[in-house]
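Structure, as structure tokens:
Readers should treat all values here as calculations from the given coordinates under stated rules, not as data from a laboratory. Please read these numbers as outputs of a predicted model, since none were measured by experiment. For neighbour counting, all protein chains shown are included, and Cβ atoms are generated from backbone atoms with ideal geometry for every residue, glycine included.
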């Protein structure tokens, strides 16, 4: 009964490099959410996806950030040309029906040096 | 609104005492609420939920109270244990936008032995 799986758990990137964070939802879940969390702060919604569709990306920065959830494989959050301010924990969550309880992964900690 | 650069509120209790964690939510139309627990270095973990047609719901050692009149949610933990030490977040789900579960800033609970 695997939960939401995220990898890598920790990622270090130099400024200007690209970061790719992967998320496999719980079995049977077709709705994926990405959140960002800065130290000592709450979770900030970024994007909501279903298979092959972006449903709501109102929380995504306009530049450098993108997300996808292909028909096969995990959801990917991509950050291009990372800057120090991108350093944060990125959490993926999934739900079965998109409207109720969402279950979180253990997060991916991005550090930009 | 967002919590920007603020330290988390903290609550310190003695082991064995009861804990009460409070949360004010923002949208009077929200119809679904969840409490999450987040331990250091881990993802948020679902604790208990409640719908707006209820004012109280009990789980194992936890009780959630909902006061819609003042838009207030509380989490009560009975006989608090050291393993309860974590950050606790409440989340609200507006009925018009199932994608946009809003998280509060969180409260850090510390249990003293």
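Quick rundown of the values:
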read-out	value
Burial ordering of B:112, B:68, fewest other beta-carbon atoms within 10 Å first	B:112, B:68
Fewest-first ranking of A:66, B:40, B:19, using other Cβ atoms within 10 Å as the exposure measure	B:40, A:66, B:19
Max mean-square fluctuation residue, GNM over chain A, Cα-Cα springs under 10 Å, options A:75, A:58, A:87	A:58
Residue of A:51, A:62, A:27 that the Gaussian network model of chain A assigns the largest fluctuation, springs spanning Cα pairs under 10 Å	A:62
Debye log10 I(q)/I(0) at q = 0.12, 0.25 Å⁻¹ for region A:11-113, Cα point scatterers	-0.36, -1.46
Nitroxide proxy distance, nm - points 7 Å out along Cα→Cβ at residue B:112 and residue B:26	3.5 nm
Relative contact order (percent, whole number), region A:24-73, Cα cutoff 8 Å, 6+ residue spacing	28 percent
Solvent-free Debye scattering, log10 I(q)/I(0), computed from the Cα coordinates of chain B at q = 0.09, 0.18, 0.22 Å⁻¹	-0.22, -0.90, -1.28
Mean separation of Cα contacts under 8 Å, 6 or more apart, over the residue count of chain B: relative contact order %	37 percent
Cα centroid separation, region A:1-52 to region B:19-62 (Å)	22 Å
Whole-number percent relative contact order across region A:1-107, with pairs defined as alpha carbons under 8 Å at least 6 apart	35 percent
Two-decimal Rg/Rh across the protein assembly as shown, once Rg and the Kirkwood Rh are taken from alpha-carbon atoms	0.97
Which of A:60, A:5, B:101 has the fewest Cβ neighbours within 10 Å, and the rest in rising order	A:5, A:60, B:101
DSSP-defined antiparallel bridges as percent of all bridges, the protein assembly as shown, nearest 5	90 percent
Kirkwood-based shape ratio for region A:1-68, expressed as Rg/Rh from alpha carbons	0.96
Residue A:5 paired with residue A:83, simple spin-label distance in nm, labels 7 Å along Cα-to-beta-carbon	3.5 nm
